[in-house]
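Below is one structure, written out as C-alpha cells; comments come after it.
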Amino acid sequence: MSVFFVNTQDGRVATLRQLAEAGLVDADEKPVVAWHAIQGPDDASTMWYAVLVKRERGIFIGTLCIRHTERQASLEQAGWQEVPVPRIGV
C-alpha cells in the first residue's frame with residue numbers, strides 16, 4: 001500500500017518508498033522537485049487501484065481510480081493511460 005507520485009516532466013510514477021530509496025526526497029521526507037503527489041488514498045494498492053497519467057498543458061498529471069470500472073474506461077477514453085505495475089518505480 002502506497003502513496004504515488006508522478007514526475008511532471010517525464011510521466012514516470014513511483015511510490016514514496018521508491019523515491020526515498022533512490023535518494024529523491026529531502027530532509028523532511030518530501031519528494032524533490034518534479035515529483036508531485038497523485039491525489040488518492042494514502043493506502044492505495046495496485047491490486048485495487050489503477051494508476052493513470054496524462055500529459056496536460058506540457059506537464060504530466062496523475063490520478064488513481066478503482067480498477068475495471070466505468071470511471072477507468074471513461075478516463076482512458078479521455079486520453080489517460082494506465083501505468084503498468086512493473087513500470088512503477090524510479
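The values are calculated or read from the model by the stated rules, or taken from the named source; none is laboratory data. Note that the structure is predicted; figures quoted are calculated from it, not measured. Methodologically, a virtual Cβ is constructed for each residue, glycine included, from the backbone with ideal geometry; neighbour enumeration extends over all protein chains shown. The protein model used for the area step is the full one, side chains on, heavy atoms only, and it has no ligands, DNA or RNA in it. Shrake-Rupley method; radii C 1.70, N 1.55, O 1.52, S 1.80 Å.
Using r as the Cβ-Cβ distance of D42 and V90, and R0 as 22 Å, what FRET efficiency do you calculate, to the nearest 0.05? Provide the component values of the computation, followed by the final result.
Details: r = 19 Å, r/R0 = 0.88.
Computed FRET efficiency for D42 and V90: 0.70.
How much length, in nm to one decimal, is gained on full extension between E56 and E29, taken as 0.36 nm per residue of separation minus their Cα-Cα distance?
Details: separation 27, 0.36 × 27 = 9.72 nm, distance 2.73 nm.
Taking 0.36 nm per residue and subtracting the Cα distance, the gain is 7.0 nm.
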Residue-wise HN-Hα coupling along the range 42-58, computed from phi with Karplus coefficients 6.51, -1.76, 1.60 (Hz; x: Gly, Pro): 7, 10, 5, 10, 5, 5, 9, 10, 9, 9, 10, 10, 8, 8, 9, 6, x
Mean accessible surface per residue for the chain, computed with a 1.4 Å probe while every protein chain stays in place, in Å²: 65 Å²
Matching label, Cα extents along the principal axes in Å computed from the structure shown, candidates (1) 34, 29, 22; (2) 55, 29, 17; (3) 40, 29, 20: (3)
Hz values of 3J(HN,Hα) by residue in the range 77-89 - Karplus curve (6.51, -1.76, 1.60), Gly and Pro given as x: 5, 8, x, 6, 10, 6, 8, x, 3, x, 8, 7, x
Debye, to nearest 20: dipole size of the chain, +1 on Lys, Arg Cβ, -1 on Asp, Glu Cβ: 280 debye
With every protein chain in place, the chain: carbon and sulfur % of accessible area (1.4 Å): 51 percent
Interchain or long-range residues, amide H under 5 Å from Y49's placed H: R67
